[in-house]
Structure formats: structure tokens, C-alpha cells
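Okay, so here's the structure we're looking at.
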Amino acid sequence: MKRSIVTIEDLTNQEILNLFKQADKYLDANEDEATHRLRRSFDDAHNRIAATLFFEPSTRTRLSFETAMFRLGGQVISCADPKTSSSDKGESLADTIRVVQTYADLIILRHPSEGAARVADEYADVPVINAGDGGHEHPTQTLCDLYTLYREKKELANLNVLVSGDLKNGRTVHSLVYALARFGAHIILAPAKGFELPMHVAQRLEHEYNSVPLGRDSVKDLPDHVDVVYITPQEPHSTALITVKVDLSNIDVYYVTRLQTERLKNSRSGAAFPVIDKSFLQGDRYSDTRVMHPLPRVRELGYDLDKDPRGAYFQQTAYGVPIRMALIAALLRVQPLLERATQTPKYDVYLSTPEGIRCTNKNCILKNEAERRHLTPKMWIVDPAQANLFQPVILRCIYCEYDYKPTAIFDKRSGTRTSSVDTWRTIPTESRVFCDSEPTHKRRKAKKGTATIATPDTLKA
Ligand code: NCD
């Protein structure tokens, strides 16, 4: 029985709070107050080995995980450069994981493809930690971010957290906004132009985390560069009441992110990226703001904030050690911090068929040549009863978590197709085909006089 952390959703709020308490135990009385560095070691992970597999560059994440393991009395085997591993010879991630899990008690993986950590979790008998998978998620960075906020502010609910920069490709942002919504913080989005939150992330915030997006018309005194504010009430609400309650006169946190050039085809795009520095943060609204950044910084964060009491980014990075120690201790079961022994899936699984909807995200691990040979495309059937009554059934790629909205469902047994996708429960799993092209099918059906499954070619027509 194991637990892995692939997305921030894999931890409950209570478990996150348990991790904070455990991190406090490691840190309190052992913190170097000037640097926030942990000064002593423990033996919670004595005789245990963690494997760090990093197929993308990293400084903080890999080194803080390795420090965390050593500080717990454990040991580390590491592959920090993909050029030195067999992936460079064409080995699939699945095979690499099957091998490494026989050497280590825990696998920490960073990979350029979205959904890579989910694949690793499928093939490993030991816990897997996602240390960043493409532009998808980076849940342990979010633990560092939240832990810093918790140490600084003690309470996450109702904090005004402004998130700026590359919200489209920044994986740290995606994990962070979900977590902030779950803890009832207000999320204020100030993306660089063209780098807004992806639609599927924004919709998930709204429909699954009950966040209410409010634009310029509803919020008085919205700063010029801000796009939208997500308010997550803790009780049943009406939008009118929420609007009255929005008060942005104090920004608690300014979370800055860099342009993720490695995920852009044209690195010239984003030339007008905002720079957050002392002169930008003038005025009462920012007088007590904590400036955070997952780092590395490039040009978007001024060096003049390093000695400013508002700059919290080096503290944030130092807290990566105790919070990752707590996570390792939790997953190795040396500290009782997890509420559940295994991860129970929230939704039913749909095995994509060639005729129906399939994931089209080009950065999904499913598109990776070596993985295509063994992976079965799968989707969650996101149940609208748990999401929002007005939202149609959503199919979510199990790997990259891109969302798709089927407009028709085909029953292979009876050969019938209907546009009320809500009937999916009545169709046995092996007979279901979710489609997104009802009109194409109707045209085909009218021509041939029988109900047949639309082929990918006809769907494209
Ligand atoms: C982040 C990442 O890798 O996504 N860095 C980190 O882990 N601290 C942010 C970034 O690279 O911009």
C-alpha cells in the first residue's frame, strides 16, 4: 500500500496541515533565524533510500529533496542529467521506473512531459513524488509556498494572494491556485498579456473548488494590471454578497513567476513581461505584502527587494527542506501524517477508444514516442454532480488533466447515439464511446441508414 503525490489534489487539507505541524517540529528551535536554514538532522528515514530522477534542470527542488533525505538520516541515488541515463538511448519512462523502484524506497521525478509522474506512479510499487511535470503541476513547490504563508500569516483563509507572470505555462501556479481556493484564499490574477491561466484550470477552479471569478465590473478599486479575482467563500453564498466583501486595499502576497521560455515555441513572445520591484510596489496596498517567487528569477523580480523586509523568496526556498522532510516522512510512513492509506480515485475511468474523444494535448506524456507503445489513453469521467449541476460531463485526461467536453455518447451494444451525455451511467463501461461530434455522426448515419461509430477521419471532416 502506497501513497504518491502527483498533484496537489492528492493531499487533503488536513494532511497538508499535518505536514506543516511536522515541518514545524523539524524546524522549531533548529532554525537559523537569519537564513531560515534548518541546522540539525534527525533519523526518521534511517536506512531508507530516495531516488531523484530529474529529466529537466533543477537547483532548488532536487537539492532540497536530497538535503531533506539526508537531514532525515536517509540516503539518495540521483540522476540529474537525462543525458547520463538510459532515457537518452530511447528507454521508456515506464521501464526506467520499473528498474529504479527496485533500488529505492521513494522516487522523486521531474520530467518535461505533462502526466509523467502519473505514469511513474502507475509503474512503481514505491511512492512517487512529482517534482514538476511539464507545464502541468508542481505540488511540492505549493507545499513550500503554503508553508511559508502559514509560518508568516498563520491562517490561509481570506488572504489576498496576487499571482503574476506566466500563468499559462507555470506549473507552480496551477498547483498553487487549486490549493489557495481549497483553503479559502482570494486569488488575484495578473498574468502577462497572452499568458493567462489555461481555460481548463480556470474552469476547474470555478466548478470544482467553488471559486467565483469577479472581473473589473464587480470589484471596486481593482489594480490596473489585474485581470480577475477568484473569491472562494467557505459558506454558501450569493455573488452579490461576495462582491460587497471584496477588499483589495491590502495585498497579503505578491507571487511572481518567470516566463517559462522552455515551454515556448517562440521565445520572443512575452517581451512585455512585467517587472516587480520596489518602485512597482509603492503605495499602501503593498506596504505589508510578502513577495514570493518559486525561483529561479530572470528579469521579472528586482534585486532591490532582496533586502526589503517584504521579500520572502529566499525564506520560501529554505522552507523547502523541512516541508519536504515532512512529506518524505509521511510517504515512508515513519510519521502518521496521512489520513488514508491509499489513494481512492474520485471518478470513474473511461478507456479512450480510437472512435471517441482522445487527449489532444501535444505536451501530454501520451504523445511521447517511447510511452505510446505501452500506455492506454484513459480519462476520468468528472461527475457533474460533484462539480456543478450546470456543467456538462467532463472527460479529463488522467495524465495531463486537460479537460474535454463530450457532446454525444455512443452505446456500442445497441448502436445508438445520443446527445444527452448524462446517460453515461446507464451504458456499461465496455460499451461507452464518448464523442465530440454529434452532427458528423448524424450526417454519416443519414447517408448509410445505420448507426455506426464515427471514425477519426469522419470526425475531422
Ligand atoms: C519552478 C519550476 O521548476 O517549475 N522552479 C522550482 O521548482 N523552484 C519555477 C520555475 O522554474 O520558474
*With labels modelled as points extended 7 Å from the Cα through the Cβ direction, what inter-label distance (nm, one decimal) is found for Lys25 paired with Phe280?*
4.0
*How much length is gained if the chain between Asn13 and Tyr303 is pulled fully straight, taking 0.36 nm per residue apart and subtracting their Cα-Cα distance, in nm to one decimal?*
101.0 nm
*Nearest-5 percent of antiparallel DSSP beta bridges in the chain?*
45
*In the chain, with Lys and Arg counted as +1 and Asp and Glu as -1 at Cβ, which of these residues, His136, Met292, Leu63, has the Cα nearest the positive end of the dipole, that is, farthest along it?*
His136
*asked:* Output needed: Cys residues of the chain lacking any neighbouring Cys C-beta below 4.7 Å, sorted by number.
replied: Cys79, Cys144, Cys435
_Rounded tilt (10° steps) of 438-448 against the dominant C-alpha axis of the chain_ = 20
_Principal-axis tilt of helix 60-71 within the chain, Cα atoms, nearest 10 degrees_ = 70
*In the full protein assembly as shown, how much of Arg413 is accessible to a 1.4 Å probe, in Å² to the nearest 10?*
140
*Would you mind working out the accessible area per residue for the chain, using a 1.4 Å probe, and quoting it in Å²?*
44
_Entries of Lys2/Lys89; Lys153/Lys278; Lys193/Lys220; Lys153/Lys220 with Cα pairs more than 28 Å apart_ = Lys2/Lys89
_P(r) weight above 28 Å for the chain, C-alpha pairs, percent_ = 54
*asked:* Can you compute the charge dipole magnitude of segment 52-144 about its Cα centre, using +1 on each Lys and Arg Cβ and -1 on each Asp and Glu Cβ, nothing else charged? Give it in debye, rounded to the nearest 20.
replied: 300
*Size of segment 298-381 as Cα extents on the principal axes (Å, biggest first)*: 59, 41, 25
*Kindly provide the chymotrypsin sites (Phe, Trp or Tyr not before Pro) of segment 337-436 that DSSP labels as loop, not H, G, I, E or B, and whose Cβ sees at most 16 other Cβ atoms within 10 Å.*
Tyr347, Phe390
*Work through the residues other than Ile357 whose Cβ is under 10 Å from its Cβ and net out their charges, Lys, Arg +1 and Asp, Glu -1.*
0
*Ignoring ligands, DNA and RNA, how do Met292, Met1 rank by accessible area with a 1.4 Å probe, largest first?*
Met1, Met292
*Which value in deg cm²/dmol, rounded to the nearest 500, describes the helix-derived mean residue ellipticity at 222 nm for the chain, given -39,500 (n - 2.57) per DSSP H run of n ≥ 4 and division by the residue count?*
-8000 deg cm²/dmol
*Quick one: putting +1 on the C-beta of Lys and Arg, -1 on the C-beta of Asp and Glu, what dipole do you get for the chain around its Cα centre, in Debye to the nearest 20?*
1480
*Going down the table (Lys83/Lys362; Lys346/Lys378; Lys168/Lys245; Lys367/Lys412; Lys25/Lys307), which pairs top 18 Å between alpha carbons?*
Lys83/Lys362; Lys168/Lys245; Lys367/Lys412; Lys25/Lys307
*Isotropically averaged projected area of segment 75-121, using the convex hull of Cα atoms (one quarter of hull area), nm²*: 3.3
*Nearest 10 degrees, 0 to 90: what angle lies between the long axis of helix 139-153 and the longest principal axis of the chain (Cα atoms)?*
40
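The values are calculated or read from the model by the stated rules, or taken from the named source; none is laboratory data. Please read all numbers here as calculations on a predicted model, not as lab measurements. Reconstructed Cβ throughout: ideal geometry from the backbone, glycine too, with neighbour counts over all protein chains shown. Protein only, heavy atoms only, side chains kept; ligands, DNA and RNA dropped before computing areas. Shrake-Rupley method; radii C 1.70, N 1.55, O 1.52, S 1.80 Å.
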